[in-house]
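What follows is one structure encoded as structure tokens, with my remarks underneath.
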Amino acid sequence: MAKQARAIQTRRMILEAAGAVFDEFGYESATIAEILARAGVTKGALYFHFASKEELARGVLGEALTTEGVLPQESRLQEWVDIGMVLAHRLPAEPLLSASIRLSADRKARDLFGTSWEGWIDFIAAQLAAAKDQGELLPHVDVRQGAKLFVGAWTGIEIVSTALEDGETLESKIAGLYDYFLPAIAVPGALRGLDTAPDRGARVWESYQAQRAGEAAEGEAGGER
């Protein structure tokens, strides 16, 4: 079991190092040597988990579709808002997440191994469909089309945000995206109850971390009995 845990930890270290290198240099200019240096592992350890740079990039993209930090909400629209806001909160500090956007936007790279966009579109379409089933969306809303538009807008905002030093955080910009997008799809009653404040992602993430810490403490206490 300890050996398996070490293998999982090593794989994660390699992925995080690869994410940082891809995010900084792009796919074409990234090197295995730089990834090894960042990860602090041997070449053998890296190739045990990933056979090539292309496979590493696929691994990074595989980490892109994440809802970690999002707690279940009675409103499926609020849960969807929380997913986007938590991601906006985490992404600037987590190169493994931001690298997936850079890889997806790189035409040469995506010709080799695709993008994370299709997975996000499928996931958001499912979230919106659930919200529609709960009566939170206007009847005319096409959830698949809405998901495509939202993923394109979210991605574009993140890419433009990295190029503009305007002093506005990604969280604030994504909050603005929701404020523009939601009135076009949500019924007024559902819209009034939504929290789209720029600090929503930070608050949800903090609550999630506190919950995890509490569960860990309970587990340790249980093990001592």
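The values are calculated or read from the model by the stated rules, or taken from the named source; none is laboratory data. What you see is a predicted model; the values in this text were computed from it and never measured. So basically every Cβ, Gly included, is an ideal-geometry build from the backbone, and we count neighbours across all protein chains shown. These accessible areas exclude ligands, DNA and RNA; they are computed on the full protein's heavy atoms, side chains included. Shrake-Rupley method; radii C 1.70, N 1.55, O 1.52, S 1.80 Å.
Going by the structure shown, is R90 basic (K, R), in contact (Cβ under 8 Å) with a residue 60 or more places away in the chain and surrounded by 21 or more Cβ atoms within 10 Å (Cβ to Cβ)? It is false that R90 is basic (K, R), in contact (Cβ under 8 Å) with a residue 60 or more places away in the chain and surrounded by 21 or more Cβ atoms within 10 Å (Cβ to Cβ).
For the range 62-71, does any single residue satisfy the condition of being among the polar types (S, T, N, Q), touching a residue at least 12 places away in the same chain (Cβ under 8 Å), surrounded by fewer than 22 Cβ atoms within 10 Å (Cβ to Cβ) and closer than 24 Å to S207 by Cα? Taking every residue of the range 62-71 in turn, at least one turns out to be among the polar types (S, T, N, Q), touching a residue at least 12 places away in the same chain (Cβ under 8 Å), surrounded by fewer than 22 Cβ atoms within 10 Å (Cβ to Cβ) and closer than 24 Å to S207 by Cα.
Rundown of residues vs (1) open to solvent by 80 Å² or more (accessible area, probe 1.4 Å); (2) under 28 Å from S52 (Cβ atoms); (3) part of a helix (DSSP H, G or I); (4) small (G, A, S), yes/no style:
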residue	(1), (2), (3), (4)
K132	no, no, yes, no
G146	no, no, yes, yes
I159	no, yes, yes, no
Y180	yes, no, yes, no
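Among the residues making up the range 97-117, a single one is basic (K, R) and either closer than 21 Å to A17 by Cβ or in a loop (DSSP other than H, G, I, E, B) (or both): R102.
Considering (1) open to solvent by less than 70 Å² (accessible area, probe 1.4 Å); (2) farther than 14 Å from V81 by Cα; (3) without any contact (Cβ under 8 Å) to a residue 24 or more places away in the chain; (4) among the hydrophobic types (A, V, I, L, M, F, W, C), the lone condition that A197 does not fulfil carries the number (2). Taken as a whole, the range 97-107 holds no residue that is touching a residue at least 40 places away in the same chain (Cβ under 8 Å) and farther than 30 Å from F181 by Cα. Scanning the range 10-46 for residues that are more than 20 Å from the chain's Cα centre (by Cα), open to solvent by 80 Å² or more (accessible area, probe 1.4 Å) and farther than 22 Å from T162 by Cβ yields a total of 2. Annotation: I8 fulfils all but one of (1) assigned to a helix (DSSP H, G or I); (2) touching a residue at least 24 places away in the same chain (Cβ under 8 Å); (3) among the hydrophobic types (A, V, I, L, M, F, W, C); the unmet one is (2).
Given the structure, is A125 in contact (Cβ under 8 Å) with a residue 40 or more places away in the chain and either assigned to a helix (DSSP H, G or I) or open to solvent by 20 Å² or more (accessible area, probe 1.4 Å) (or both)? Quick ask: steps written out before the conclusion?
Numbers: in contact (Cβ under 8 Å) with a residue 40 or more places away in the chain: no; either assigned to a helix (DSSP H, G or I) or open to solvent by 20 Å² or more (accessible area, probe 1.4 Å) (or both): yes.
In short, no.
Can you find a residue that is under 13 Å from W80 (Cβ atoms) and aromatic (F, W, Y) anywhere in the range 164-180? Talk me through it step by step, then tell me what you get.
Going through the range 164-180, the residues under 13 Å from W80 (Cβ atoms) turn out to be 174, 177-178.
Still in the list and also aromatic (F, W, Y): 178.
Yes, the range 164-180 contains at least one residue that is under 13 Å from W80 (Cβ atoms) and aromatic (F, W, Y).
Considering only residues in the range 161-174 that are of a type in the set (G, A, S) and either in contact with a Leu (Cβ under 8 Å, 6 or more places away or on another chain) or modelled with pLDDT of 95 or more (or both), the one that is surrounded by the fewest Cβ atoms within 10 Å (Cβ to Cβ) turns out to be S172. As a summary of the residue check, V187 satisfies the conditions (1) open to solvent by 50 Å² or more (accessible area, probe 1.4 Å); (2) touching a strand residue (DSSP E or B) at 6+ places or on another chain (Cβ under 9 Å) except for the one numbered (1). Do we find that R110 is touching a residue at least 24 places away in the same chain (Cβ under 8 Å), of a type outside the set (G, A, S) and within 16 Å of A64 (Cα to Cα) in this structure? No, not satisfied.
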